[in-house]
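Let me begin by presenting the structure, written as structure tokens, before commenting on it.
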Amino acid sequence: MTRDTVLVGLAVVASLLTGCGEVSPPSPAPSAGVPLEQRIDAVVQPLVDDGWTQGMIVGVLQDGKEHYFSFGSTSSEEATPPDENTVFEIGSITKVFTAITLADMASKQEVKLDDPVEDFLPDDIKIPSPGGKPITLESLATHTSGLPVISANFWVDGDKIYDNNAAGLRWGKYSEAQLRDYFNAPSPPLDDARKYVYSNLGVGLLGHALERESGVSIEQLIADRVCGPLGMKSTSFTNEPTATGHDADGNPVDLWAERDSVLGGAFALRSTCKDMLAFAKANLNPESSPLEDALKSALQSRAEINELESTAFGWKRNKHGVIYTVGATGGFRCALFLHSVTKTAVVTMANTQVGGGTGGRAALFDAFTGSLLNVTLGVPPLEIEFPSPAPSSGAAIEDFIGAYRPEDGSQDPSFPIRVESGKLLTIGPGKMEMRLWPKGDSMFFLRSYIAEIKFLRDDSGDVTGADLQFEGNRVRLKRFK
């Protein structure tokens, strides 16, 4: 496959596939004659077989018809396959719904897009004005407010090892008091340039502002103004998921159950594949929707992200008509891709946090869904690596237990490695414990990041250190205990 045949020109793909050529519009390919089910299966089944996800439902909207393809199971304890009515947490896809709610309120002149967000918050929450310009509702919806990805007081300092259950509790219980403490505390200056900076905090703040203005919770606003009019009966903050979530290493995790967070507009929705295709259909044909004005407004490109992409209201767009949004929680990962030219949509819903939370491997899942859009349109799939775990080489993994530090003498970070139940574990960014998966002789990889580690031995066969390649950086580690 030549890379200049790739349809989906995602910024993440451009960064991962260095030297990627000009992105081309769809063109006929030999795969177009293969039944759609076989094309989808060829891309998805290896991901399930290699344990990257416990289960997945793929929905395709093409030529006005809905198609659903099921893989794996809804939990590791039973063989029930997911279907179009299985409920998943959809994470940051919620942001598009919050932004459409803003667009609807603006179209009805209840708010203005250029209203400063501070106008809708308590007087004792001091919102900064980067470069002397107020943070507006529109800038929050487009991730151009200058606010960071999350507030500095979201995580508690200390040596506690976090897991996805702890993260879910933090998302679910973040309060207005914490919001006040964050904005009123001294903090580094925000970016005056107002460039695109993805911000969970920003869209969460937007949702809180809208609920304060309307006197209705952001959950109810989304229900009344988006889900209700579009007939999405299985989409809400409280709809009980029927799939069990799993972290990137396949461990079952709790649902992000608490729903009283002021950041709920950034992450809290749960939905089904059937509802997501209804949402896709409305956005591909806004003129036929009861939300025509709001959807058209939300789909407009409003700021450049890079030379390939722009941001709309919660959506990203590229120059070939691809519009997409992605989301994850501690145990789920979902993505929705639209192709406005052919009125085609693909939604993927996995009951595993495929690729972890924030690393390059997570971005690969977004490209994976783009690849499914490719094959749906008869274009060759992207070349995306999700490594297959290797069989045990027979080497005792206990040999690798210890603590490792960069050989250049720096004391931080350190990489503690231990064994539990026959699994090799380490602590990664964010103090999350992760499994090291076998790839070859003395070589392992992480599922949460694009990372490999090869352990080194001396002439006596003792492990003395390791070569670590982590998200494009290479570090020589020395074992010190």
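The values are calculated or read from the model by the stated rules, or taken from the named source; none is laboratory data. All values derive from a computational prediction rather than experimental measurement. Neighbour counts run over all protein chains shown; Cβ positions are idealised from the backbone, glycine included.
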- Query: For residue 79, are the conditions met, namely being free of Cβ contacts under 8 Å to residues at least 12 places away in the same chain and either buried (at least 19 other Cβ atoms within 10 Å of the Cβ) or outside the structural domain of residue 299 (by TED's automatic domain parsing) (or both)?
  - Reply: yes
Of the listed residues (445, 455), the one being crowded, with 20+ Cβ neighbours inside 10 Å and in contact with a Lys or Arg (Cβ under 7 Å, 6 or more places away or on another chain) is 445
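Would you check which residues across the range 348-365 are in contact with a Gly (Cβ under 9 Å, 6 or more places away or on another chain) and in a loop (DSSP other than H, G, I, E, B) and list them?
351, 352, 353, 356, 357, 358, 359
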Residue 378 meets each of (1) touching a residue at least 24 places away in the same chain (Cβ under 8 Å); (2) farther than 23 Å from residue 355 by Cα; (3) part of a strand (DSSP E or B) with one exception, condition (3)
The condition of being touching a helix residue (DSSP H, G or I) at 6+ places or on another chain (Cβ under 9 Å), farther than 29 Å from residue 351 by Cα, of a type outside the set (Phe, Trp, Tyr) and surrounded by fewer than 18 Cβ atoms within 10 Å (Cβ to Cβ) holds, among 114, 104, only for 114
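Here is a yes/no grid of residues against (1) more than 30 Å from residue 55 (Cα to Cα); (2) out of contact with any Leu (no Cβ under 8 Å at 6 or more places or on another chain); (3) of a type in the set (D, E, K, R):
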| residue | (1), (2), (3) |
| --- | --- |
| 279 | no, no, no |
| 282 | no, no, no |
| 307 | yes, yes, yes |
| 312 | yes, no, no |
| 318 | no, no, no |
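Report, by residue number, each residue of the range 430-461 that is over 14 Å from residue 249 (Cβ atoms) and in contact (Cβ under 8 Å) with a residue 60 or more places away in the chain. Give the steps one after another, and end with the answer.
Here is the first cut: in the range 430-461, the residues over 14 Å from residue 249 (Cβ atoms) are 430-431, 439-443, 450, 452-461.
Passing the criteria: 430, 431, 450.
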Considering the range 225-239, residues that are of a type outside the set (Ser, Thr, Tyr) and modelled with pLDDT under 95, and then whichever is nearest to residue 291 (Cα to Cα), we arrive at 237
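Which residues, taken from the range 463-481, are of a type in the set (Asp, Glu) and free of Cβ contacts under 8 Å to residues at least 40 places away in the same chain? Steps first, please.
Taking the range 463-481 first, the residues of a type in the set (Asp, Glu) are 467, 471.
Of everything in the range 463-481, just one residue is of a type in the set (Asp, Glu) and free of Cβ contacts under 8 Å to residues at least 40 places away in the same chain, namely 467.
Return a yes/no flag: does the range 121-133 have any residue that is buried (at least 20 other Cβ atoms within 10 Å of the Cβ) and not small (Gly, Ala, Ser). Break it down into steps so the answer makes sense when it comes.
The initial filter retains those residues of the range 121-133 that are buried (at least 20 other Cβ atoms within 10 Å of the Cβ), namely 121.
If we keep only those that are not small (Gly, Ala, Ser) as well, we get 121.
Yes, the range 121-133 has at least one match.
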Does at least one position in the range 47-59 carry a residue that is buried (at least 21 other Cβ atoms within 10 Å of the Cβ), touching a strand residue (DSSP E or B) at 6+ places or on another chain (Cβ under 6 Å) and among the aromatic types (Phe, Trp, Tyr)?
no
For residue 87, state whether it is in contact with a strand residue (DSSP E or B) (Cβ under 9 Å, 6 or more places away or on another chain), under 20 Å from residue 219 (Cα atoms) and not aromatic (Phe, Trp, Tyr). yes
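Identify the residue in the range 120-134 that is free of Cβ contacts under 8 Å to residues at least 40 places away in the same chain and part of a loop (DSSP other than H, G, I, E, B) and, among all such residues, is farthest from the chain's Cα centre (by Cα). Steps first, answer last, please.
Taking the range 120-134 first, the residues free of Cβ contacts under 8 Å to residues at least 40 places away in the same chain are 123, 129, 132, 134.
When the remaining residues are screened for being part of a loop (DSSP other than H, G, I, E, B), the result is 123, 129, 134.
On the way: 123: 33, 129: 28, 134: 28 Å.
Here the answer is 123.
This table checks each residue for (1) under 17 Å from the mean Cα position of the chain (by Cα); (2) of a type in the set (D, E, K, R); (3) part of a loop (DSSP other than H, G, I, E, B); (4) modelled with pLDDT of 95 or more.
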position: 27; (1), (2), (3), (4): no, no, yes, no
position: 31; (1), (2), (3), (4): no, no, no, no
position: 40; (1), (2), (3), (4): no, no, no, yes
position: 53; (1), (2), (3), (4): yes, no, yes, yes
position: 86; (1), (2), (3), (4): no, no, yes, yes
position: 95; (1), (2), (3), (4): yes, yes, no, yes
request  = Could you please let me know if residue 58 is part of a helix (DSSP H, G or I) and not assigned by TED's automatic domain parsing to the domain that holds residue 270?
outcome  = no
